[in-house]
Structures are given as C-alpha cells and as structure tokens.
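Taking it in order: structure first as structure tokens, then the write-up.
The values are calculated or read from the model by the stated rules, or taken from the named source; none is laboratory data. Everything numeric in this text was worked out from a predicted model, so none of it was measured. Methodologically, a virtual Cβ is constructed for each residue, glycine included, from the backbone with ideal geometry; neighbour enumeration extends over all protein chains shown.
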Ligand code: HSE
C-alpha cells in the first residue's frame, strides 16, 4: 500500500503584535511524519520518537484526531499507520502541535488525491490545535500549510492572506529548554483589552504588514511591539529580557516571544546579522544554567513538504 513521508516545519506565530493572526514557517527544525495506507479501516499511531509526552492513542494524538476526521468525512476509504519523528520539542512555542496537525492534514489530503484546497485543510488542522490546547488558533497551522508570511484576517469566515515580505528577512530562534503549555499561557492572559492598548496593537499590526509589503525595515522594526501578550507571558520565560536586549543590541529589527513561548524569536535583515544575534543570545544565556537550542533560518517559502 501507498506510503508518504513528509516534513512539517516549525512555525513562529503571533510575530509580536499579531496575536493569533500572524505567523511564518522556518526551514528547520521540523517533524518527519510517515503515513502508510492500510486496507483495514483503522488509524493507528505505530511509533513516536523525540517526545515522550505525546500519547499513542489515536483519539488523544493530534495526528490521530485530524486524520480520523478527514477520513470519516470521506467514508473511511482506507486506514492509516502513522509514524512520528518529532524534531520540534512539545511545549517549545514553535508550533510543535501545529506541525503535527498541519503535516497530517497535508498528508491525508495527498492520500485523498488532493481533494481539498489549502484553505480547506486549515480547519481540519485547527481541530488538532483544539485537541492539544483547547483553542482553534490557526497562526501555526496556516503558515505550516501555506508557507511564507501568513495573515489570518478573519476566523469566521476564515480569510487567509499570504503576505509579500523582503527576501533577505531572517529569523533567529532561541529555545530555552523549559516547557510552557499553550493552554496555560493563554489562561493567564487578560480577556479584555483597554482601548489605549488596542489602539497601539492594531497600529503596530498595520505597521508591520505595511513594512513587510513595502520592504521598509525601519517600519518593520518600529512595529514589532506587543502590548497584549508579552507583558504577561514574558514573566514565564527565564531571563527573557536578557535575550531580547541581546538581540536588539546586535542588530535585530525586533524580538519577541514565539507563539506562547518559551522560545524567543528575532527578525533580521540578512543571514550575517541573524548569526550575530544568535551568538549574542547564546552568550547572554550561558550563565543561566538553563539548556537551550538556537537556530537561524530564512522565513520558509514552503510549508509542509513531501520527502518521499
Ligand atoms: N497564537 C497562539 C498563542 C499560538 O499565542 O496562544 C500558540 O502557539
């Protein structure tokens, strides 16, 4: 029976001011997922490597939940055996659950002979996010499916826009190895916003989008400010401000929390500056005693990809 192996990328969501509405994938890290069609109509997760905390039970596993819904909507034309090699640490803030959800939606669609459009795949992938964190946010799964810099202009109805952005925009990702669950990081946010904070935030979102489209680096830099989630969530990230200062002092256009954290991301013009910022963040963190991973990547133009 047919086998499909895919790569599902990590994603940076929120991108400072765009809580739940902006995101992009990176070239690495990512997950490798293998999908094998079976004649019996069962869905089984047969192997998971790289993450002990992810359940094998189909109904509690993101890949299981997403694939079951897609296959049931198509009268279970076949069953599946799924293997998951996690390159993205769960609870890292770089779209670990989003990669599993988007990777599954993409792969099952290929096995269904591309019945669905990218836009139609997003709600299926959002089911996976819902099962993991209790919310249907799309700012990891949409960038992982579409590739590029993504704006979710509206959730109801879903309106997804692929933004143009400068070619030489690079991202540094710094992942302190502490776990933050998206559910917890959402629970601590205030549920209402003061008007003056809202004015700042939507001004910055408009500024960031305009800066990307016009390739105006100063405008991108001025707009990378988050007055909604960062003030609260940064308290969960050990020495967050050390990392942010190191990035900004070494040429980052802006720096913020990746998704719900603890990963911190910075955007830079050019790879050289991105490497410099990575080294500065590593140096700033050395004395904390907390282990970390650090990456430099271009904003990936591709989302989920077929390996074989
Ligand atoms: N926008 C979501 C949040 C992303 O910040 O809660 C979670 O990965």
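With the condition being within 20 Å of residue 147 (Cα to Cα), I'd like the strands (runs of 3 or more DSSP E) fully within region 1-89 carrying at least 3 qualifying residues.
Values: elements: 3-13, 22-38, 43-49, 79-85.
Fully inside region 1-89 and qualifying: 3-13, 22-38.
Per the conditions (1) touching a helix residue (DSSP H, G or I) at 6+ places or on another chain (Cβ under 6 Å); (2) within 25 Å of residue 294 (Cα to Cα); (3) buried (at least 22 other Cβ atoms within 10 Å of the Cβ), the sole criterion not satisfied by residue 103 is (1).
Among the candidates 278, 298, which residue alone is surrounded by 15 or more Cβ atoms within 10 Å (Cβ to Cβ), within 20 Å of the chain's Cα centre (by Cα), modelled with pLDDT of 95 or more and not in a helix (DSSP H, G or I)? I'd like the intermediate steps shown before the answer.
Values: 278 fails: not in a helix (DSSP H, G or I).
Exactly one residue qualifies, and that residue is 298.
Against the conditions (1) in contact with a helix residue (DSSP H, G or I) (Cβ under 6 Å, 6 or more places away or on another chain); (2) in a strand (DSSP E or B); (3) within 16 Å of the ligand (Cβ to nearest atom), residue 171 satisfies every one except (1). Scan region 246-264 for residues that are touching a helix residue (DSSP H, G or I) at 6+ places or on another chain (Cβ under 9 Å) and within 13 Å of the ligand (Cβ to nearest atom) and the total you get is 6.
When 212, 267, 243 are screened for being away from the ligand (no atom under 16 Å from the Cβ), under 22 Å from residue 199 (Cα atoms), buried (at least 18 other Cβ atoms within 10 Å of the Cβ) and not assigned by TED's automatic domain parsing to the domain that holds residue 23, only 212 passes.
Here is a yes/no grid of residues against (1) in contact (Cβ under 8 Å) with a residue 40 or more places away in the chain; (2) in contact with a helix residue (DSSP H, G or I) (Cβ under 9 Å, 6 or more places away or on another chain); (3) within 30 Å of residue 206 (Cβ to Cβ):
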residue	(1), (2), (3)
8	yes, yes, no
12	yes, yes, yes
21	yes, yes, yes
65	yes, yes, no
68	no, yes, no
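Kindly indicate whether any position in region 108-122 is within 15 Å of the ligand (Cβ to nearest atom) and touching a residue at least 24 places away in the same chain (Cβ under 8 Å).
Checked region 108-122: at least one residue is within 15 Å of the ligand (Cβ to nearest atom) and touching a residue at least 24 places away in the same chain (Cβ under 8 Å).
Please go through region 218-240 and give me each residue that is more than 21 Å from residue 90 (Cα to Cα) and either outside any helix (DSSP H, G or I) or touching a helix residue (DSSP H, G or I) at 6+ places or on another chain (Cβ under 7 Å) (or both), ordered by number. Within region 218-240, 219, 220, 222, 223, 224, 225, 226, 227, 228 qualify. Of everything listed in (1) more than 16 Å from the ligand (Cβ to nearest atom); (2) buried (at least 24 other Cβ atoms within 10 Å of the Cβ); (3) under 15 Å from the mean Cα position of the chain (by Cα), the single unmet condition for residue 9 is (1). Residues of region 32-48 that are under 19 Å from residue 8 (Cα atoms) and exposed (fewer than 13 other Cβ atoms within 10 Å of the Cβ): 46, 47.
Of all residues in region 61-83, those being more than 15 Å from residue 37 (Cα to Cα) and either surrounded by fewer than 24 Cβ atoms within 10 Å (Cβ to Cβ) or in contact with a strand residue (DSSP E or B) (Cβ under 7 Å, 6 or more places away or on another chain) (or both) number 4.
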